[in-house]
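The next block holds one structure in the form of structure tokens; read it before the comments.
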Amino acid sequence: MRAQEILEQKFGVAADVWSVTSYKALYIDGMNKIAEPLVKTVVAAVIERADRRILIGQRRRRDSSPLKWEFPGGKMEEGETAEVALARELREELHVTLVKSVELGRVQHKYSDRDETFEIRFFAVTLQDDAVQPITFEQIAWVLPKELGQYDFLAANRQLIAQLATGRIKPTEILDSL
């Protein structure tokens, strides 16, 4: 059954479906609009070296949220699993190969200047090689967990940063236990 037929059955009127990246909107009789924000899924990698330093990247000046710090990653594309998206993003952003990953947690966040809500899925990650090339960042840094609070991170990262900084989450230990 087509989407338009489902909407006509549910609402009993002629309906058209219109979608834009961040909205799913329903027009009934061309008059009323009911908009629902979509949730966009983002994957983010917590990459910890043997010396316990964690890789963070600073967004470029021309990006949204310019010069804010974040964990490498990005939006999942349609049809991708989280692991496939994570591998693709790490290849595109850092020119590295993902070897192993395990999900650490998820957070949903709505930025005031954006229409959509983001679900960020954080993963502890092992790479084939620690030699990263910062392709899409202004700069990168390898920092100790206790130093993460000294950087101006995107708001959605704050909860994870607190858990890393206090030692409640230790990515390498989690990966090694698998």
Being on the phi > 0 side of the Ramachandran plot and either among the basic types (Lys, Arg) or free of Cβ contacts under 8 Å to residues at least 24 places away in the same chain (or both) is the requirement here; does GLY73 meet it?
no
With criteria (1) in contact (Cβ under 8 Å) with a residue 60 or more places away in the chain; (2) buried (at least 18 other Cβ atoms within 10 Å of the Cβ); (3) not aromatic (Phe, Trp, Tyr), VAL96 comes up short on (1)
Within the stretch 44-51, does at least one residue satisfy the condition of being assigned to a strand (DSSP E or B), modelled with pLDDT of 95 or more, β-branched (Val, Ile, Thr) and in contact with a helix residue (DSSP H, G or I) (Cβ under 7 Å, 6 or more places away or on another chain)?
yes
Among the residues of the stretch 97-106, is there at least one that is of a type in the set (A, V, I, L, M, F, W, C) and over 25 Å from ALA50 (Cβ atoms)?
no
Does the stretch 68-90 contain at least one residue that is exposed (fewer than 15 other Cβ atoms within 10 Å of the Cβ) and more than 22 Å from VAL39 (Cβ to Cβ)?
no
Taking the stretch 108-159 and the residues there that are among the small types (Gly, Ala, Ser) and over 15 Å from the mean Cα position of the chain (by Cα), the one that is modelled with the highest pLDDT would be ALA141
Within the stretch 145-162, how many residues turn out to be out of contact with any helix residue (DSSP H, G or I) (no Cβ under 9 Å at 6 or more places or on another chain), over 19 Å from ALA85 (Cβ atoms) and touching a residue at least 24 places away in the same chain (Cβ under 8 Å)?
3
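The values are calculated or read from the model by the stated rules, or taken from the named source; none is laboratory data. Fair warning: this is a prediction, and the values are worked out from it, not measured in the lab. All Cβ positions, glycine included, derive from the backbone under ideal geometry; neighbour counts span all protein chains shown.
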